[in-house]
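The values are calculated or read from the model by the stated rules, or taken from the named source; none is laboratory data. Since the model is a prediction, treat every value here as computed from it, not as a measurement. Heads up, the Cβs are rebuilt from the backbone with ideal geometry, glycines too, and the neighbour counts pull from every protein chain shown. Ligands, DNA and RNA are excluded from the accessible area calculation, which covers all protein heavy atoms including side chains. Shrake-Rupley method; radii C 1.70, N 1.55, O 1.52, S 1.80 Å.
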Amino acid sequence: MNVDHEVKLLVEEIQRLGQMNANGQMSVKFGVLFSDDRCANIFEALVGTLKAAKKRKVVSYEGELLLQGVHDNVEIILLQA
């Protein structure tokens, strides 16, 4: 899969799993994305896809690298659908 396609799939999964935050933006916790079976089957490297999406300003989250367990409560905010 190419990166643009994976970013598009990530947007779809955030929309599926996420909820609207106080600012009216769709957001999901990293732990929810990471532990979802469908996401596990789609994304070979979820963290890499998240980094690519952040670089393209599709999503926003605190920090550079997200790790399972440590960053499960980090909100990933969808900036553009």
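What is the log10 of I(q)/I(0) for the chain, computed with the Debye formula using one identical point scatterer on each Cα and no solvent, at q = 0.17 Å⁻¹? Those come out to -0.57, one per q. Among the trypsin sites (Lys or Arg not before Pro) in the chain, those located in a DSSP loop and surrounded by at most 13 other Cβ atoms within 10 Å of their own Cβ are ARG56, LYS57. Taking the Cβ of ASN73 as the center, what net charge do the other residues with Cβ under 12 Å away carry, scoring Lys and Arg +1 and Asp and Glu -1? Local net charge: -2. Model label points for LEU9 and VAL47, set 7 angstrom from Cα along the Cα-to-Cβ axis, are 1.9 nm apart.
Give the range of the longest stretch in the chain that excludes all GluC sites (Glu not before Pro) found in loop regions by DSSP and having at most 12 other beta-carbon atoms within 10 Å. Longest gap between qualifying sites, sites excluded: 1-43.
Calculated [222 nm] ellipticity per residue, helices only, for the chain: -13000 deg cm²/dmol; basis is -39500 (n - 2.57) per DSSP H run with n ≥ 4, divided by all residues, nearest 500.
Remark: region 5-13, residue by residue, has Karplus-estimated 3J(HN,Hα) of 5, 5, 5, 4, 5, 4, 4, 4, 6 Hz, where x stands for each Gly or Pro and the curve is 6.51 cos²θ - 1.76 cosθ + 1.60 at θ = phi - 60°. 3J(HN,Hα) along region 66-76: 9, 10, 4, x, 5, 10, 4, 9, 6, 7, 9 Hz, from the Karplus curve 6.51 cos²θ - 1.76 cosθ + 1.60 with θ = phi - 60°, whole Hz, x for Gly and Pro.
How large, in percent, is the carbon and sulfur part of the accessible surface of the chain at a probe radius of 1.4 Å?
The computed percentage sits at 50.
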